[in-house]
Amino acid sequence: MAAILKRMPRPAISILQVSTLLLCAIPQAWAQSDAEVSNQYYRYSNPQLEAACARMSPNSHASGLTDGAFVAVPFAGRTYYYQSDCYLELARRTADVAWCAKVRERKTLLGDGSSHTPASCQRMVAVLQESRARIQQSADRHAAAVQGVFKIESAHTTVLPTGDWLLLVKTTGSLPGRYRLQVDNSRDRIRLVTQELMLPQPAPLRYTLARKQVLGSSALPNIFPIAVSLTYVFPADSVYASQEQVKEHLSSIQNLTLSAQWSPAASLDGCMPNRPFRPWIVREKLLFW
């Protein structure tokens, strides 16, 4: 067997052939790696993407025969350098026209590279900047319209002899107008209080939270997360009054937790005879907008 193997002709592979194969394989592998980055931009933060763009080969590209060709316009699919596409993505994210200087157009007879040029990048950035400016102007107008809006400063409860809770709400602010205060059992989605009111008012707002309404059908002992919210209603002559999504402004939310306990000797309504049950309250969080 060894003699047969010795007599078999060995394929002659020259160093030149090996070098040629390597030279052909390396750009293809590089292009494939760059293409993977371009298909997963969402995985990169801006600094990470900037570093990835810099590492890309300046010559790896998407061919006009593989991106849109034969589907939209025959022999005129998009073609571009992956590195240019990467810098175009950075320009889109940051609306910074400086990235457009790094975008290079790829020109070929079998593809359209006009989507990845410095000029197309600059046009895209101009549109983005205009859009962001409009959004910022709208945000500034809204902020001016709610400047000084009343917010919940504090919300405290005390237990009444009946076992109900007395809720005291103090507000602070300087923008007079119509407001809506709501109190909800946020876990069970039960609306306990809804009141339309005009602020400012000289005294704290007072509300009685009926024990039976708070407890509902819940078994005791139990806890009950309560949300107290204050909403500013834009006046009728405001530009926001006719806009369904922004005609109101939620200014603040106060979160409380009520806890109710009872013993086996309690009566059917959840209280010991001649002795109200003992709820307690924990203040959790105060949120402002």
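The values are calculated or read from the model by the stated rules, or taken from the named source; none is laboratory data. Everything numeric here is computed off the predicted structure, so don't read it as measured data. Positions of Cβ are backbone-derived with ideal geometry, glycine not excepted, and every protein chain shown enters the neighbour counts. Accessible surface areas use protein heavy atoms only, side chains included; no ligands, DNA or RNA. Shrake-Rupley method; radii C 1.70, N 1.55, O 1.52, S 1.80 Å.
For the reader, a short list of remarks on this structure follows.
- Test set (1) assigned to a strand (DSSP E or B); (2) at pLDDT 95 or above - Val149 fails condition number: (1)
- Of Ala62, Ala69, all but one fail to be touching a helix residue (DSSP H, G or I) at 6+ places or on another chain (Cβ under 8 Å) and modelled with pLDDT under 90; the exception is Ala62.
- Residues of segment 193-209 that turn out to be loosely packed, with under 13 Cβ neighbours inside 10 Å and more than 35 Å from the chain's Cα centre (by Cα), as a count: 4
- Verdict on Leu167 being touching a His at 6+ places or on another chain (Cβ under 8 Å) and either open to solvent by less than 30 Å² (accessible area, probe 1.4 Å) or assigned to a loop (DSSP other than H, G, I, E, B) (or both): yes
- Matching option when the condition is within 25 Å of Ala143 (Cβ to Cβ) and in contact with a strand residue (DSSP E or B) (Cβ under 7 Å, 6 or more places away or on another chain), among Val183, Val193, Val228, Val239: Val228
- Condition check for Ser174: without any contact (Cβ under 8 Å) to a residue 24 or more places away in the chain, polar (S, T, N, Q) and not in a strand (DSSP E or B): no
- Here is the figure for segment 186-204: residues that are at pLDDT 95 or above and touching a Leu at 6+ places or on another chain (Cβ under 6 Å) total 2.
- Odd one out for Gln129 among (1) at pLDDT below 95; (2) open to solvent by 80 Å² or more (accessible area, probe 1.4 Å); (3) under 21 Å from the mean Cα position of the chain (by Cα): (1)
- For beta carbons closer than 6 Å, sequence separation of 6+ or different chains, a first residue in segment 215-229 that is assigned to a loop (DSSP other than H, G, I, E, B) and a second that is open to solvent by 30 Å² or more (accessible area, probe 1.4 Å) and of a type in the set (S, T, N, Q), the qualifying pairs are Pro221/Gln261.
- Residue, modelled with the lowest pLDDT, within segment 85-113, restricted to residues that are open to solvent by less than 60 Å² (accessible area, probe 1.4 Å) and over 23 Å from Tyr42 (Cβ atoms): Gly111
- Within segment 27-50, residues that are under 15 Å from Ala91 (Cβ atoms) have Cβ atoms under 6 Å from residues that are at pLDDT 90 or above and of a type in the set (Ser, Thr, Tyr) in these pairs: Ser38/Tyr82, counting only partners at least 6 apart in sequence or on another chain.
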